[in-house]
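What follows is a single structure, written as structure tokens, with notes after it.
The values are calculated or read from the model by the stated rules, or taken from the named source; none is laboratory data. Nothing here was measured: the structure is a model prediction, and the numbers come from that model. Positions of Cβ are generated from backbone atoms using ideal geometry, with glycine treated the same way; all protein chains shown enter the neighbour counts. Note: accessible area is taken over every heavy atom of the protein model, side chains too, but ligands, DNA and RNA are not part of it. Shrake-Rupley method; radii C 1.70, N 1.55, O 1.52, S 1.80 Å.
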Amino acid sequence: MKQFDLLIRNGTVVTASDTVQCDIAIAGGRIVQLGHDLGSAREEIDASGKLVLPGGVDAHCHLDQPMPDGLKMADDFESGTISAACGGTTTVIPFAAQEKGESLRAAVADYHRRAEGRAVVDYAFHLIVSDPTETVLRDELPSLIRKGYTSFKVYMTYDDLKLNDREILDVLTVARQEGALVMIHAENSDCIAWLTDRLEAEQKTAPRFHAIARPMAIEREATHRAITFSELVDVPILIVHVSGREAVEQIRWSRARGMKIFAETCPQYLFLTASDLDQPGYHGAKCVCSPPPRDRANQEVIWDGLADGLFTIFSSDHAPFRYDDPQGKQPGGQEVPFRYIPNGIPGLETRLPLLFSEGVGGGRISLNQFVALTSTNPAKLYGLHPRKGTIAIGADADLAIWDPQREVVIRNADLHHAVDYTPYEGTRVKGWPVTTLVRGKVVAHEGKMQATAGHGEFLPCALPEMAKPRYRTSGGSL
Ligand code: DUC
Ligand code: ZN
Ligand code: ZN
């Protein structure tokens, strides 16, 4: 009788700390042995010449998130997670978003309905808190945290989502009491509104003005304010989607003061610039996201932050809106002024190959840093490690087998999301995940799905060790 369900032989196994030549034995969906001459299995994969990495954990993506004003996200849990799997990602963490006036519990229940039976990779939920009422702060949030929703995002901009400073302080206080982690979208709402009004008054409404309405100073100011809140409450925070030098400098300053400020960046801040919003006609709308991409010099600042440990995680911020669609980038079928263009770009499937090619292949980060940024650290930060994010005995057999020599020209026609474009069309990359396994099952191979919708399971998150306060002050209960 065969000992194992699956053996992956002859691969180079890479974790956040080590690179070793060994075989991996899998049984019951978990890694049960690492070594040589491990015995026999019902199935085998020969990974000669390949890299075996922990599957990616994409800790910031938006799937089937309810939208206002007739807009609709292109990807649901099925198409989004198929795309993730084909790009080497085995866990996604999208957002259960509270609408103002709605209960947070209702948002979570609704989001489970959207995910169940559809996902092909495993998933957890962050919450978006847009209405921190007494009930939310005292009852819903603490009880949801205890049930495994241990991270939530707050917005400093967008009328339908933003919290004022006092509300953010209240949410941070609950996070501190419960041991949860708050992710902050840091842009100054009033400054954006003021600049947008002035640009519109001058008929400057084309997509490229989106970037001009959101200069780095307004990200810097909000980042600094968020850091101040973190200090007042004595609770770690994560600044999401950091775009360039100004916010990076604030985060470096806070770290030098000994604060636990985590930071995330995304492919758009390495591979796009504001000039991508300045394409002929209305095509720049394809690259409208917030904060906007900056310039080449800022891309280098982001690369430096990835290399020297400023950034803890690298996520896609996949926010999928079709270009040629009245529910997408052309609301109501119109080419609209930039303020009405839905924010976000697709990136679940291209996140890992882009960073691998230019980061590892380009000598900017090591292979082990690549694993840390894209898998191990997000798993740790959101309470999924060591089940997810590593290759170790007892961990889920979530693996991506990479061909480091495979050259691919990114074409939307070859991607699996439901969006009708990729901002990276025509980009040449070297290195591609050819086989992806979730809990020991091959879910994608050579760009073909091998699993059925519903293979993906919900993951309750533990309280993240990394989000523990430094206990420098009494933290909000002065
Ligand atoms: N923030 C996000 O995190 N995603 C898409 C748009 C935005 O503003
Ligand atoms: Zn955001
Ligand atoms: Zn996002």
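Going toward the positive end of the dipole of the chain, with +1 on Lys and Arg Cβ and -1 on Asp and Glu Cβ, which of G447, F271, I26 do you reach last?
Projecting each Cα onto the dipole axis, the largest value belongs to I26.
Please work out the C-alpha center-to-center distance from the range 100-122 to the range 364-397 and express it in whole Å.
Comparing the Cα centres of the range 100-122 and the range 364-397, I get a distance of 25 Å.
Which percent, to the nearest 5, of DSSP beta bridges fully inside the chain are antiparallel?
Within the chain, antiparallel bridges account for around 45 percent of the total.
Ignoring any ligand, DNA or RNA, what whole percent of the accessible area of the range 56-370 comes from carbon and sulfur when the probe is 1.4 angstrom?
With neighbouring chains kept in place, the figure for the range 56-370 is 47 percent.
At a Cα cut-off below 15 Å, give the aspartates and glutamates reachable from K448, other chains included and same-chain residues fewer than 8 away excluded.
The reachable aspartates and glutamates, counting only those whose Cα sits under 15 Å from K448, are E78, E349, D414.
Need the full-extension length gain, H36 to D295, defined as separation in residues times 0.36 nm minus the C-alpha distance. One decimal, nm.
88.4 nm
With a probe of 1.4 Å, find how much accessible area the range 1-80 has per residue, and write the answer as a whole number in Å².
It amounts to 43 Å² per residue over the range 1-80.
Mind listing the long-range amide H neighbours of E457? Cut-off is under 5 Å, sequence gap 5 or more, other chains count too, H placed in the peptide plane at 1.01 Å from N.
D122, Y123
Run down the lysines and flag those whose C-alpha is under 23 Å from the C-alpha of K72, throwing out any fewer than 8 positions away in its chain.
Result set, ordered by chain and number: K100, K153, K162, K286, K329.
Give me a comma-separated list of calculated 3J(HN,Hα) values for the range 329-337, in order, Karplus coefficients 6.51, -1.76, 1.60 applied at θ = phi - 60°, integers in Hz, x for any Gly or Pro.
Going residue by residue, I get 6, 10, x, x, x, 10, 7, 9, x Hz, with x marking Gly and Pro.
How do L367, L270 stack up against each other in accessible area, from largest to smallest, with a 1.4 angstrom probe?
Correct descending sequence by accessible area is L367, L270.
Out of residues 5 or more away from G431 or on other chains, whose amide H comes under 5 Å of its own, with H placed 1.01 Å from N in the peptide plane?
R406, E407, V408
For the range 219-367, what is the accessible area per residue in Å² when the probe is 1.4 Å?
Accessible surface, normalised per residue, equals 31 Å².
Using helices alone, I'd like the mean residue ellipticity at 222 nm for the chain: each DSSP H run of four-plus residues gives -39500 (n - 2.57), total over residue count, nearest 500.
Counting only the DSSP helices, I get -7000 deg cm²/dmol.
What order do I192, I45 take when sorted by accessible area (1.4 Å probe), most exposed first?
Result, largest first: I45, I192.
If DNA, RNA and ligands are ignored and the probe is 1.4 Å, what is the ranking of I401, I393 by accessible area, most exposed first? Could the numbers behind the result be given before it?
Working: I401 5, I393 115 Å².
Of I401, I393, the descending order of accessible area is I393, I401.
Rounded if a/c is under 1.5, else prolate if a/b beats b/c, else oblate: with a ≥ b ≥ c from the C-alpha gyration tensor eigenvalues square-rooted, which is the range 208-292? Walk me through the intermediate numbers first.
On the way: a/c = 3.07, a/b = 2.58, b/c = 1.19.
Prolate, because a/c is 1.5 or more and a/b exceeds b/c.
Return the sequence-ordered ³J(HN,Hα) values of the range 395-411 in whole Hz as given by the Karplus equation 6.51 cos²θ - 1.76 cosθ + 1.60 applied to θ = phi - 60°, using x for Gly and Pro.
Along the range 395-411, the couplings run 6, 4, 7, 9, 9, 10, 9, 9, 9, x, 9, 5, 9, 9, 9, 5, 10 Hz.
Give me the distance in nm between label points sitting 7 Å out from Cα along the Cα-to-Cβ direction at K147 and L232, one decimal.
So the two model labels end up 3.1 nm from each other.
By Kyte-Doolittle mean hydropathy of at least 0.0 and Cα axial length of at least 24 Å, which whole DSSP H helices of the chain are selected?
Details: long enough: 216-233 (26 Å, 0.12).
Span-like helices here: 216-233.
For the range 157-205, what does the accessible surface come to per residue with a 1.4 Å probe? Please give it in Å².
It amounts to 47 Å² per residue over the range 157-205.
Spelling out what I want: for every residue of the range 360-367, take phi, set θ = phi - 60°, compute 6.51 cos²θ - 1.76 cosθ + 1.60 (Karplus), and round to whole Hz; glycine and proline get x.
My calculation for the range 360-367 gives 6, x, x, x, 8, 9, 7, 4 Hz in order.
Under a straight-distance cross-link criterion of Cα-Cα below 19 Å, which lysines are reachable from K147, leaving out those fewer than 8 residues away in the same chain?
Those lysines meeting the cut-off are K380, K388, K468.
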